[in-house]
1. Do we find that Thr153 is touching a Leu at 6+ places or on another chain (Cβ under 8 Å) and hydroxyl-bearing (Ser, Thr, Tyr) in this structure?
2. Do we have Val37 as modelled with pLDDT of 95 or more, surrounded by fewer than 18 Cβ atoms within 10 Å (Cβ to Cβ) and among the β-branched types (Val, Ile, Thr) here?
3. Is it fair to say Val61 is buried (at least 17 other Cβ atoms within 10 Å of the Cβ), aliphatic (A, V, I, L, M) and more than 14 Å from the chain's Cα centre (by Cα)?
4. Taking only the stretch 96-132 into account, find how many residues are among the hydroxyl-bearing types (Ser, Thr, Tyr) and more than 15 Å from the chain's Cα centre (by Cα).
5. Hey, can you tell me all the residues within the stretch 41-72 that are modelled with pLDDT of 95 or more, assigned to a loop (DSSP other than H, G, I, E, B) and of a type in the set (Gly, Ala, Ser)?
6. State whether the residues of the stretch 38-58 include one that is of a type outside the set (D, E, K, R), within 14 Å of the chain's Cα centre (by Cα) and under 16 Å from Ala127 (Cβ atoms).
7. Would you mind stating whether Val75 is within 18 Å of Val6 (Cα to Cα), part of a loop (DSSP other than H, G, I, E, B) and of a type in the set (Val, Ile, Thr)?
8. Starting from residues that are touching a helix residue (DSSP H, G or I) at 6+ places or on another chain (Cβ under 6 Å) and in a loop (DSSP other than H, G, I, E, B), keep the ones in the stretch 93-126 and report whichever is surrounded by the fewest Cβ atoms within 10 Å (Cβ to Cβ).
Amino acid sequence: MSKARVVVVMGSDSDLPLMQAALDTLGKFGVAYQAEVMSAHRSPKVVAEFAESAAGRGIRVIIAGAGGAAHLAGVVAAHTVLPVIGVPIDSSPLEGVDALYATVQMPPGVPVATVGINSSSNAALLAVQILATADDGLRARLADHKVQLAEQTAEKSKRLRGRPAQEDTE
C-alpha cells in the first residue's frame, strides 16, 4: 500500500506548472502525495478505476485540477466516497470561468469542494486541514502556518506605515 494520503490528479501534463503549487504545499506540511495525469474525457475508465480504488490504497483526499470543460473532479467524486477538491484551471479563452462553473456546479449528492481559479495551493491547504482533523502534529503545523501568515501581514503593514504620507493636492 502506498504511503500517499493525497493524490493530485490533473487533466493534462500541461497543467503541472499550475498544480505544482499544490505539490509544494503538501510537501511543506510533510504530507505524502502522488501525482497523476488522467482525463475524464480521454480516459474515463482509468479515472473511474482510480477513484474507486483510492480509499483502499490509503488515499484520504483527492485534488483534481482541470481546465475547459473541467469534468475531472466531478467524475472522480462520482466514483469515490473520499473528499474531492476541484481546482478550476484557466486554460481556455474563457479564462477559467468555464472550468469554475463545471467544477462547482455539481448535482445534489455528488459534492466537490472547489477553490478559486488556479488556486492549487489553497486546494492543498484544504486537504491538509481535512487530514489534520485526525492528526495532531499536522494540526500544530497548520496553527504555526496561520501564525506565520499573521506575522507576514503585520510586517507588510509596518513597512507600509513607514512610507512618507502623501499631502492633499487640492
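The values are calculated or read from the model by the stated rules, or taken from the named source; none is laboratory data. On a predicted model such as this, the values are computed, not experimentally measured, just so you know. All Cβ positions, even for glycine, are placed from backbone atoms using ideal geometry, and neighbour counts span all protein chains on display.
1. Taking the combined requirement at face value, the residue does not satisfy it.
2. Values: modelled with pLDDT of 95 or more: yes; surrounded by fewer than 18 Cβ atoms within 10 Å (Cβ to Cβ): yes; among the β-branched types (Val, Ile, Thr): yes.
Answer is yes for this residue.
3. Numbers: buried (at least 17 other Cβ atoms within 10 Å of the Cβ): yes; aliphatic (A, V, I, L, M): yes; more than 14 Å from the chain's Cα centre (by Cα): no.
So Val61 does not fit the description; no.
4. 1
5. Residue satisfying the conditions is Gly58 alone.
6. As a first pass, look at the stretch 38-58 and keep what is of a type outside the set (D, E, K, R): 38-41, 43-44, 46-48, 50-51, 53-56, 58.
The next check asks that each one be within 14 Å of the chain's Cα centre (by Cα); those that pass are none.
Within the stretch 38-58 (the criterion being of a type outside the set (D, E, K, R), within 14 Å of the chain's Cα centre (by Cα) and under 16 Å from Ala127 (Cβ atoms)), the answer is no, since none of the residues qualifies.
7. On the way: within 18 Å of Val6 (Cα to Cα): yes; part of a loop (DSSP other than H, G, I, E, B): no; of a type in the set (Val, Ile, Thr): yes.
So Val75 fails the test.
8. Selected residue: Val110.
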